[in-house]
Amino acid sequence: MGNPMKIRAANKDGVTEVKVLVSHEMETGQRKDAAGAVVPAWFITELVARHGDKTVLSTEFGPSVSKNPYLAFKFKGGSKGDKITVSWKDNKGDSRSDEATIG
Amino acid sequence: MNNQRRTVLKSGSGAALLGMLAAAGIITPGIALADWNKAAFDAKSMADTLKALGAGTPADSKDVQVTGPDIAENGAVVPVGVASSLPNISMVAILIEKNPNALAATFTLPEGTEANVQTRVKMGQTSNIYALVKSDGKFFMATKEIKVTLGGCGG
């Protein structure tokens with residue numbers, strides 16, 4: 001389990017904008033440590049955002065997404081008080097899910 | 001025993017198998033996408049990536065916008081956005097031509113989600129960034145060059 005994600009969701013004129021900041025190393029597998037050994041790749045592969053039970057975005061990441069990935073998107077619908085759930089899993093099988101309320 | 005080599009061999013045959021199944025029509029590419037698209041993310045060149053995404057040779061479109069800085073001081077964190085006014089967009093992908101693996105991220109957009117996504121990517125060096133979108137089953141592309149003064153892929 002990584003650290004909690006920061007999720008902000010705001011509804012304006014019937015469109016909900018969601019911003020997610022994930023806490024993750026996103027190691028590319030290209031880097032070498034001080035001893036010259038390759039640092040193994042460790043990155044989020046999949047991230048899914050749901051509004052209630054409905055998937056509003058599913059993404060696949062490669063290692064070239066930045067450390068602590070940021071993501072912003074918009075979808076039609078959603079109202080104040082609805083729940084947004086974002087979950088990810090990484091290439092080591094770790095996963096995490098966090099919730100936010102549309103404000 | 002070299003464990004990393006084993007893993008590579010294993011995953012390599014897995015991707016090949018997936019490709020064979022897709023070719024045989026047992027699983028459609030759409031279903032295959034439900035799992036992380038290893039073939040696309042492992043592809044090195046732009047052409048191979050587009051092939052692995054099933055995009056062929058996408059047409060350039062003025063209705064696709066890539067946003068990002070002209071010059072990125074820090075290649076480890078380059079904000080990139082893709083927006084498009086094309087109808088029925090089901091998929092958006094961000095590709096970076098000169099990175100070790102071109103594909104950075106793909107976004108599957110269900111109906112109701114706008115074709116307007118922002119994220120941050122790493123860039124090893126100055127490169128063209130391509131935004132690929134799938135609209136009504138056809139692929140379109142737009143490009144932008146971002147100059148990088150400090151690479152973000154280690155080294």
Q.
So if each residue of separation counts as 0.36 nm, and I subtract the Cα-Cα distance between residue B:51 and residue B:150, what length gain in nm does that give?
A. 32.6 nm
Q: Between residue B:65 and residue A:32, with labels modelled 7 Å along Cα→Cβ, what's the label distance in nm to one decimal, could you check?
A: 4.3 nm
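With respect to the cross-link table entries A:89/B:38; B:122/B:147; A:83/B:134, which display a Cα-Cα separation exceeding 18 Å? Can you show the working numbers first?
Values: A:89/B:38 15 Å; B:122/B:147 12 Å; A:83/B:134 29 Å.
From the list (A:89/B:38; B:122/B:147; A:83/B:134), the Cα-Cα distance tops 18 Å for A:83/B:134.
Sort B:129-138, B:38-47 for me by packing, meaning the mean count of neighbouring Cβ atoms within 10 Å per residue, highest on top.
Details: B:129-138: 20.0, B:38-47: 17.8.
So the order, starting with the most tightly packed, is B:129-138, B:38-47.
At 0.890 mPa s and 25 °C, plugging the Kirkwood radius over alpha-carbon pairs of chain A into Stokes-Einstein gives what diffusion coefficient in µm²/s?
170 µm²/s
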Q) Across the stretch B:113-118, in residue order, what do the Karplus-derived ³J(HN,Hα) couplings come to in whole Hz, using 6.51 cos²θ - 1.76 cosθ + 1.60 with θ = phi - 60° and x for Gly and Pro? A) 8, 7, 7, 7, 10, 10
Q) Average partner chain C-beta neighbours within 10 Å, per residue of A:67-76? A) 6
**Q.** Number of partner chain Cβ atoms within 10 Å, mean per residue of B:97-107
**A.** 5
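Over the whole of B:75-84, what's the average partner chain Cβ count within 10 Å per residue? Rounded to a whole number, please.
Working: counts 1, 3, 4, 2, 3, 2, 1, 0, 1, 0.
Mean partner shielding for this stretch: 2.
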Q) Which one of B:88, B:110, B:41 has its Cα pushed farthest toward the positive end of the charge dipole of the stretch B:35-148, where Lys and Arg give +1 and Asp and Glu give -1 at the Cβ? A) B:41
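Bear in mind that the values in this text are calculations on the coordinates, not laboratory data. Computed from a predicted model, the values in this text were never measured in an experiment. Heads up, the Cβs are rebuilt from the backbone with ideal geometry, glycines too, and the neighbour counts pull from every protein chain shown.
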